[in-house]
1. Compare the peptides 232-238, 78-84, 26-32, 200-206 by average per-residue count of other Cβ atoms within 10 angstrom and give them in order, highest first.
2. Can you tell me which lysines have their Cα less than 16 Å from the Cα of residue 203? Leave out same-chain residues fewer than eight positions away.
3. Could you list, bin by bin from short to long, the percent of Cα-Cα pairs of segment 1-70 in 5 Å steps?
4. Can you list the GluC sites (Glu not before Pro) in segment 40-91 that are in a DSSP coil and have 11 or fewer other beta carbons within 10 angstrom?
5. In whole percent, what relative contact order does segment 108-197 give with Cα contacts below 8 Å and a gap of six or more residues?
6. How much length is gained if the chain between residue 102 and residue 160 is pulled fully straight, taking 0.36 nm per residue apart and subtracting their Cα-Cα distance, in nm to one decimal?
7. Can you give the charge dipole size of segment 143-215 about its Cα centre, rounded to the nearest 20 debye, using +1 on the beta carbon of Lys and Arg and -1 on the beta carbon of Asp and Glu?
8. When the helices in the chain are scored as -39500 (n - 2.57) per DSSP H run of 4 or longer and the sum is shared across all residues, what 222 nm value do you end up with, to the nearest 500 deg cm²/dmol?
Amino acid sequence: MTQSIHARYEAAHDDGRPLLGGHRGNPAEFPENTLGSFRSAIAAGCDLIECDVHLSSDGRLMVIHDHTLERTTDGTGLVRDHTAAELRKLDAGNGERIPLLQEVVELALGKVGLVIEIKQVPIQYPGLEEKLVAMLRQLGAVQECAVVSFYHPSIKLLREMEPSLQLGILEGARPIDPARLLREAGADVYSPHWGAMDPSLVKEIHAAGGAVGVWTVDDEMAVAWCKLCRPDSIFTNRPVEIGAALRSWPVPA
Ligand code: G3P
Ligand code: CA
């Protein structure tokens, strides 16, 4: 069923349970950021899948986490120094290829919300935001996708380009005034590491009209902390196990 990502967040809020997000798909069982990993996360019942995006040397949006190729493929060097055709020849694990973002959008449409992290630090990709918005519009995917980044200037730029796109700022620390960061970037979702979340942060973001999405919730302690803080979405590398834990939560009255 086609559902906007905003509607998914509203329904989860009404239901009293956070959305389940497959971080890089289901990397506990398949090579991260591959179509196999995303398909597996969808089959595991995820509401959202998350992927990481870079630009190839010929300007294609490619789904891979690191700026370098060594950890997840049989290639070497920087992603940005290779054409899409060169990147597509590499083995991204179990014979999988590095996906084009377009393939992941097409896989997600009508099934799950897609959270696209743009990797603009430390290497910058000028023009990435324009290419991304153009692709999402062309595929009719603006309402079913969100874009997040540690590089908040990109989020601010995207807000100016496409007012209806869900946007999120990623944060590793606990700032003094998280709601101010949300407002300054024009973002909808404040997305910290779970250990940088506390109950007052969730209250402050909700009072500012935002949602909280945490990563990467992979163990019992992280789940217990989320149960106490009540974020709106939870991204995990272990969607099968963490999804089962979330479904057993008592729903708040
Ligand atoms: O969704 C946020 C999270 O993915 C950020 O960290 O390094 O896993 O991309 P990283
Ligand atoms: Ca990411």
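1. In descending order of packing, they fall as 232-238, 26-32, 200-206, 78-84.
2. Here the lysines satisfying the reach criterion relative to residue 203 are 227.
3. Using 5 Å bins, I get a P(r) of 4, 16, 20, 19, 17, 14, 7, 3, 1 for segment 1-70.
4. Here the sparse-neighbourhood loop sites are 70.
5. Across segment 108-197, relative contact order equals 25 percent.
6. On the way: separation 58, 0.36 × 58 = 20.88 nm, distance 2.26 nm.
Stretched out fully, the residue 102 to residue 160 stretch lengthens by 18.6 nm.
7. Value, rounded to 20: 140 debye.
8. My calculation for the chain gives -10000 deg cm²/dmol from helical runs alone.
Quick note: the coordinates plus some simple rules give every number you see, no bench work behind them. Since this is a predicted model, take the numbers as computed values, not measurements. In this analysis, Cβ positions are derived from the backbone assuming ideal geometry, glycine residues included, and neighbour counts consider all displayed protein chains.
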